[in-house]
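First up is the structure itself, then whatever we jot down about it.
The values are calculated or read from the model by the stated rules, or taken from the named source; none is laboratory data. The shown structure was predicted, so the numbers you read here are calculated from the model rather than taken from an experiment. Here the Cβ positions follow ideal geometry from the backbone for every residue, glycine too, while neighbour counts run over all protein chains shown.
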Amino acid sequence: MLIDTHTHLGGFQAIEELAGVMRTRNDVASWRTKYPEIFERMQREEPSDNSAALLEAMDKNGVDVAVVQPTVGISNEFISAIAKRHPGRFVPLATATGWPWAPDPLAPLPDASVPVHVAGIADRAVNELGFAGIGETNTQILTAHVDPRLVAADFAPLMDVLAPRHLPIQLPTGWTQFPGNLHYQDPMWVDELAARHPGVPIILTKMGRSIQRYFDSCLTVALRNRNVYLDVVGTSADHLRTALNALGPDRIMFGTDWSYTWRYLTAPDDVHSTAMRIVEAAKVTKDEAAGIFERTARTVFAIG
């Protein structure tokens with residue numbers, strides 16, 4: 001079985017106009033600033049269901065199950081409704097912090113009420129709507145602190161929702177195409193969070209996105225905390241091989257980051273082919289491949 005642990009469902013009509021110009025990874029990374037009129041239009045549109053396109057890509061590339069989550073402009077309810085229509089193919093993750101279109105410079109900084117509010121969103125998502133955990137989390141929405149001890153304290157109500165059932169949370173690393181949160185995407189601060197909540201699986205997505213500085217932080221935190229996992233999105237074969245040698249295959253998962261922007265890259269640079277090339281170039285053994293493609297994800301997301 002092949003499980004893709006990192007996809008984002010939902011799209012917008014406006015972004016489809018850029019399908020022909022999303023040719024390289026740089027095109028995707030910079031589209032928001034190159035086409036600001038498209039970005040502005042999207043913010044006024046209702047999201048569209050692009051699950052048929054994801055299923056088509058999954059079938060084409062031999063993916064049996066996708067872990068799906070919201071992205072900018074997409075709600076938990078939107079993801080929940082789609083996942084319920086495809087229970088054998090989609091495993092849903094919720095967002096507890098949301099991803100705003102752009103940070104509001106005049107908005108007040110998060111205060112003591114925000115962690116409790118975020119925990120309430122997470123509680124409803126996992127205990128009422130049936131989500132399998134929390135997807136990539138926008139830390140700057142949750143806390144105004146930079147001291148890891150204070151950041152971890154603000155995370156505590158959210159982590160306490162996940163801990164009883166050992167449900168996972170994803171924290172992004174490296175760069176992002178959307179504004180905000182970049183400071184927290186160097187995950188050295190996660191060491192404090194992981195140590196305080198050893199029963200919650202924490203996935204550092206993108207493994208630093210091929211940037212050595214961020215990868216070193218990912219690996220350092222994962223070495224110290226057995227509840228920390230990595231995915232292969234955007235990493236390099238060298239970084240994957242280093243992580244496998246240090247952590248083993250039961251701490252690393254396959255993922256593509258398929259979304260309403262990344263989906264437009266075409267072969268051989270589409271997200272599925274790229275992720276598979278990374279794994280192949282790392283010269284994985286049969287057991288390592290089994291861990292990356294299926295075994296670890298089954299354990300972390302309780303699949304099957």
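As a summary of the residue check, residue 131 satisfies the conditions (1) over 15 Å from the mean Cα position of the chain (by Cα); (2) at pLDDT 95 or above except for the one numbered (1).
List the helices (runs of 4 or more DSSP H) that sit entirely inside segment 112-208 and contain at least 1 residues that are closer than 25 Å to residue 250 by Cβ.
On the way: elements: 113-127, 139-142, 148-162, 190-196.
It comes to 113-127, 148-162, 190-196.
With respect to the conditions (1) of a type outside the set (Ser, Thr, Tyr); (2) in a helix (DSSP H, G or I); (3) touching a residue at least 40 places away in the same chain (Cβ under 8 Å), residue 233 falls short on a single one, namely (2).
If I go through segment 15-59 residue by residue, how many of them are basic (Lys, Arg) and without any contact (Cβ under 8 Å) to a residue 40 or more places away in the chain?
3
Of the numbered criteria (1) of a type in the set (Ser, Thr, Tyr); (2) surrounded by fewer than 14 Cβ atoms within 10 Å (Cβ to Cβ); (3) modelled with pLDDT under 95, the one residue 113 fails is (3). Within segment 84-111, the set of residues being within 21 Å of residue 203 (Cα to Cα) and outside any loop (DSSP other than H, G, I, E, B) comprises 90, 91, 92, 94.
Taking the condition free of Cβ contacts under 8 Å to residues at least 24 places away in the same chain and assigned to a helix (DSSP H, G or I), does residue 77 pass? Don't jump to the end; show me each part of the working.
Numbers: free of Cβ contacts under 8 Å to residues at least 24 places away in the same chain: no; assigned to a helix (DSSP H, G or I): yes.
No: the conditions fail for residue 77.
In segment 208-223, is there at least one residue being buried (at least 24 other Cβ atoms within 10 Å of the Cβ), more than 27 Å from residue 54 (Cα to Cα) and in contact with a Leu (Cβ under 6 Å, 6 or more places away or on another chain)? Yes, segment 208-223 has at least one match.
Out of the residues in segment 1-58 that are part of a strand (DSSP E or B) and of a type in the set (Ser, Thr, Tyr), state the one that is surrounded by the most Cβ atoms within 10 Å (Cβ to Cβ).
As a first pass, look at segment 1-58 and keep what is part of a strand (DSSP E or B): 3-8, 11, 48.
Narrowing further to those that are of a type in the set (Ser, Thr, Tyr): 5, 7, 48.
Numbers: 5: 30, 7: 27, 48: 14.
Among those that are part of a strand (DSSP E or B) and of a type in the set (Ser, Thr, Tyr), it is 5.
On the basis of being of a type in the set (Lys, Arg), more than 25 Å from residue 161 (Cβ to Cβ) and surrounded by 15 or more Cβ atoms within 10 Å (Cβ to Cβ), does residue 89 make the cut? It is true that residue 89 is of a type in the set (Lys, Arg), more than 25 Å from residue 161 (Cβ to Cβ) and surrounded by 15 or more Cβ atoms within 10 Å (Cβ to Cβ). Only one of the numbered conditions (1) within 19 Å of residue 122 (Cβ to Cβ); (2) part of a helix (DSSP H, G or I) is violated by residue 68, and that is (2). Looking only at segment 230-280, filter to residues that are over 30 Å from residue 38 (Cα atoms) and polar (S, T, N, Q); which one of those is surrounded by the most Cβ atoms within 10 Å (Cβ to Cβ)? Ranking the candidates gives 236 first. The residues on offer are 152, 156, and the sole one that is in contact with a Leu (Cβ under 7 Å, 6 or more places away or on another chain) and without any contact (Cβ under 8 Å) to a residue 60 or more places away in the chain is 152.
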